[in-house]
Amino acid sequence: MTTPHQHHRARLLGAVSGIAVAALAVALAVPAQAAGSTLQAAASGSGRYFGTAIAASRLSDGTYSGIANREFNMITAENEMKADATEPNQNQFNFTNGDRILSWAQSNGKRVRGHALAWYSQQPGWMQNMSGSSLRSAMLNHVTQVAGHYKGKIYAWDVVNEAFADGSSGARRDSNLQRTGNDWIEAAFKAARSADSGAKLCYNDYNTDNWSDAKTQAVYTMVKDFKSRGVPIDCVGFQSHFNSQSPVPSNYQTTLQNFANLGVDVQITELDIEGSGSSQASSYQRVVQACLAVSRCTGITVWGVRDSDSWRSSGTPLLFDGSGNKKAAYTSVLNALNAGGSTTTPDPTSTSTPTSTPSPTPTSTTPSGNPSCTATYSEGEKWSDRFNGTVTIRANTNISSWQATVTVSYPQKIIATWNGSPTWPSANVMVMRPSNGGSLSAGQTTSFGFTVQHGGNWTWPSLSCSAS
């Protein structure tokens with residue numbers, strides 16, 4: 001990289017920071033029978049994005065930019081939107097390279113994830129030498145100016161990056177920012193919200209993939225606290241840097257789901273998995289399947305295009321080799337995305353852009369039928385002609401299977417679904433059953449989603465749930 005990451009990572013021997021942000025084009029579901037032939041098309045089948053990190057200096061490489069344009073629809077600036085790049089001297093801002101990446105993304109119909117507004121590393125020298133109230137003011141000014149410069153052009157910001165320590169303490173990382181006061185993280189989020197009310201605001205970290213780890217629990221506790229007090233946080237980013245010493249944990253999906261249950265989106269932001277062949281392909285498949293199983297896992301970003309572009313290039317951790325050829329891991333990801341895609345056909349002509357942000361708070365409905373399960377509706381993204389919804393099924397007792405009935409009001413029609421197997425008793429009624437085994441223990445949840453073409457009727461669907 002032109003500006004190398006400077007990470008210190010306990011289990012992984014170093015970790016990058018960055019979050020990918022992608023396409024201006026809204027991802028539309030694709031019918032399962034028309035499988036996506038690229039990563040972005042396949043991910044769109046379940047309403048998700050698939051992104052990559054981009055270095056401005058490599059955009060002139062035709063192979064590099066060609067793969068990035070063809071395969072990905074969310075773009076993260078690798079280093080060009082960090083503090084050392086955007087504010088090299090105090091209150092003197094330079095957005096040249098960040099703007100170059102944004103312009104490339106926009107001209108190719110892609111959205112952008114902003115990375116990162118406040119981080120202990122890759123600070124410019126003047127910021128490294130500051131402390132106390134002067135540093136707090138400078139940090140908030142940086143957040144305000146950078147988020148303000150990109151207002152309305154960024155899908156999601158990594159507002160705060162890597163603020164927790166590795167190891168078993170569950171403590172905050174000791175940094176000059178932390179020493180300005182324990183409330184510095186929420187102060188940064190509030191400043192970001194004021195500067196750009198339309199961007200999703202994320203907390204991003206590494207070594208938070210395993211649900212049982214102290215660091216994961218500490219971040220979870222913070223997010224839960226923020227949500228309870230109304231601190232503006234919309235998403236949590238999981239960097240997910242894996243290798244043989246730090247493999248994909250068996251409870252990875254549990255981690256994603258438990259964070260999502262707090263009412264935030266979860267995003268895999270810097271994915272790379274060292275290795276090769278079938279072992280690497282299998283690990284990538286597990287990550288993708290975990291995201292697809294969590295309705296609020298809205299997208300995946302790999303940290304780089306080709307192995308040779310990676311900060312971990314010697315570990316060949318990406319989906320394309322140094323020559324730009326697709327690897328076995330690419331095929332496993334594409335197949336997993338297509339397997340998790342839509343089971344119904346959307347309107348392929350719609351190109352409208354979002355008009356509002358998702359409601360983060362689920363709204364419960366009263367279940368009917370067997371009381372052993374409850375169906376809860378959560379509003380998702382909304383556009384001028386359609387909206388997304390998520391239904392969470394909660395087992396009130398141990399159940400072996402479930403089915404949910406979703407009824408929409410004329411002239412609404414459901415045009416796409418994901419994470420379930422639907423049948424259609426009538427035009428406005430969908431019965432959703434689990435794609436695989438539907439057994440849940442008491443208190444466990446699972447989710448499915450759908451897109452409604454509303455025809456001017458914004459009424460929420462009605463739900464019922466029954467179980468056996």
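The values are calculated or read from the model by the stated rules, or taken from the named source; none is laboratory data. Bear in mind that the values here come from a model prediction, so they are computed numbers and not experimental data. Quick reminder, even Gly has a Cβ in these numbers, built from the backbone with ideal geometry, and neighbours come from all protein chains shown. Each accessible area value is taken on the protein alone, full model and side chains, heavy atoms only, with ligands, DNA and RNA left out. Shrake-Rupley method; radii C 1.70, N 1.55, O 1.52, S 1.80 Å.
Among Asn325, Asn338, which is the only one that is surrounded by fewer than 21 Cβ atoms within 10 Å (Cβ to Cβ) and either among the β-branched types (Val, Ile, Thr) or at pLDDT 95 or above (or both)? It would help to see each step written out before you state the result.
On the way: Asn338 fails: either among the β-branched types (Val, Ile, Thr) or at pLDDT 95 or above (or both).
One residue alone meets the criteria, Asn325.
Step by step: first the residues of segment 367-386, then only those that are out of contact with any Gly (no Cβ under 9 Å at 6 or more places or on another chain) and among the charged types (D, E, K, R), then the one that is modelled with the lowest pLDDT. Which residue is that? Can you show your working first?
Applying the first criterion (out of contact with any Gly (no Cβ under 9 Å at 6 or more places or on another chain)) to segment 367-386 yields 367-376, 382-384, 386.
Imposing the further condition that a residue be among the charged types (D, E, K, R) reduces the set to 382, 386.
Working: Lys382: 76, Arg386: 82.
Per the stated criteria, the residue is Lys382.
What is the number of the single condition among (1) within 23 Å of Tyr203 (Cα to Cα); (2) part of a loop (DSSP other than H, G, I, E, B); (3) modelled with pLDDT of 95 or more that Asn94 does not meet?
(1)
Between Val431, Val406, Val391, which is within 24 Å of the chain's Cα centre (by Cα), open to solvent by less than 50 Å² (accessible area, probe 1.4 Å) and aliphatic (A, V, I, L, M)?
Numbers: Val431 fails: within 24 Å of the chain's Cα centre (by Cα); Val406 fails: within 24 Å of the chain's Cα centre (by Cα).
Result of the check over Val431, Val406, Val391: Val391.
Which of the residues that make up segment 175-185 are within 20 Å of Cys202 (Cα to Cα), open to solvent by 30 Å² or more (accessible area, probe 1.4 Å) and touching a residue at least 12 places away in the same chain (Cβ under 8 Å)?
Gln178, the sole residue that qualifies.
In segment 214-244, which residue that is small (Gly, Ala, Ser) and either out of contact with any Phe, Trp or Tyr (no Cβ under 6 Å at 6 or more places or on another chain) or assigned to a loop (DSSP other than H, G, I, E, B) (or both) is farthest from Asn258 (Cα to Cα)?
Ser244
Within segment 106-164, how many residues turn out to be part of a loop (DSSP other than H, G, I, E, B) and open to solvent by 40 Å² or more (accessible area, probe 1.4 Å)?
As a first pass, look at segment 106-164 and keep what is part of a loop (DSSP other than H, G, I, E, B): 108-109, 120-124, 129-131, 150-155, 162-163.
Restricting the remaining residues to those that are open to solvent by 40 Å² or more (accessible area, probe 1.4 Å) gives 108, 120, 129, 131, 151-153.
Residues that pass the stated criteria total 7.
Sort out which residues of segment 436-466 are open to solvent by 10 Å² or more (accessible area, probe 1.4 Å) and touching a Gly at 6+ places or on another chain (Cβ under 6 Å), and write them in order of number.
Scanning segment 436-466 gives Ser464, Ser466.
Look at segment 304-322 and say how many of its residues are touching a residue at least 60 places away in the same chain (Cβ under 8 Å) and open to solvent by 10 Å² or more (accessible area, probe 1.4 Å). Let's see the steps before the verdict.
Applying the first criterion (touching a residue at least 60 places away in the same chain (Cβ under 8 Å)) to segment 304-322 yields 304-306, 309, 311-312, 315, 317, 319-320.
Narrowing the set further to residues that are open to solvent by 10 Å² or more (accessible area, probe 1.4 Å) leaves 306, 311-312, 315.
Qualifying residue count for the region: 4.
Return a yes/no flag: does segment 212-230 have any residue that is surrounded by 18 or more Cβ atoms within 10 Å (Cβ to Cβ) and within 26 Å of Phe72 (Cβ to Cβ).
No, segment 212-230 contains no residue that is surrounded by 18 or more Cβ atoms within 10 Å (Cβ to Cβ) and within 26 Å of Phe72 (Cβ to Cβ).
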